[in-house]
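Right, one structure below, let's go through it.
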Amino acid sequence: MRFPKPYADFVQRFRVPGGFALLAAFVVLSHPTAESIVWGLPVCLAGMALRAWAAGHLAKNEQLAQSGPYAYTRNPLYLGSLLVTAGMLVAAQSAALAVLFTLAFVLIYLPVMQQESDHLRQIFPGYEDYARRVPLLLPGARATAGTSPFRAALYRRNKEWKAVWGWLTGIALLAAKAWLKP
């Protein structure tokens, strides 16, 4: 599915403020318990690990990332975020949030992935071949290319620690809400 460029541009500009609106909805509509948080944690941790692995292979706009998780999916950071979100939704126990976050993913992140693919096609001549071999989001069955090692310097440069702090903040909010529940 291709989104019109004006829509994709609009989404790109407003995805961060939209994220704060989603956070507010998350705080208001969540109904966590200690048990639901425990069930959601492994999924969140898998997503955070995938994001960390991807960040250590991504030299933005310098080199086409094809190693590590990029050998299986073109968007491991978004896939990791999707897993973190799924874990948080398990912890939150809210059908309304599940619907809201599914809509946000379809209406925000799919157009952003499209826009990023268009950008990468323009700056990397090998992107088209890579895109034919590697799925957009859901991982392929086997690695396709790339043997570069994980680089901690890239992890730091990509500021992946911000995602860790964001996730820890979300878990802390859920834990506080579960603990303070009457």
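Key figures for this structure:
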quantity	calculated
Verdict on residue 59 being surrounded by fewer than 15 Cβ atoms within 10 Å (Cβ to Cβ), in a loop (DSSP other than H, G, I, E, B) and of a type outside the set (Val, Ile, Thr)	yes
Residue match in segment 33-50 (condition: at pLDDT 90 or above and not in a helix (DSSP H, G or I))	yes
Residue in segment 85-96 that is in contact with a Leu (Cβ under 8 Å, 6 or more places away or on another chain), modelled with pLDDT under 90, assigned to a helix (DSSP H, G or I) and farther than 18 Å from residue 115 by Cα present	no
Lone unmet requirement of (1) under 21 Å from residue 98 (Cα atoms); (2) in contact (Cβ under 8 Å) with a residue 12 or more places away in the chain; (3) not aliphatic (A, V, I, L, M) for residue 20	(2)
Condition met for residue 155 (among the aromatic types (Phe, Trp, Tyr) and within 30 Å of residue 7 (Cβ to Cβ))	no
Residue in segment 138-173 that is surrounded by the fewest Cβ atoms within 10 Å (Cβ to Cβ), counting only those that are hydroxyl-bearing (Ser, Thr, Tyr) and at pLDDT 90 or above	169
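The values are calculated or read from the model by the stated rules, or taken from the named source; none is laboratory data. Owing to the predicted nature of the structure, the values given are computational and were not obtained by experimental measurement. Heads up, the Cβs are rebuilt from the backbone with ideal geometry, glycines too, and the neighbour counts pull from every protein chain shown.
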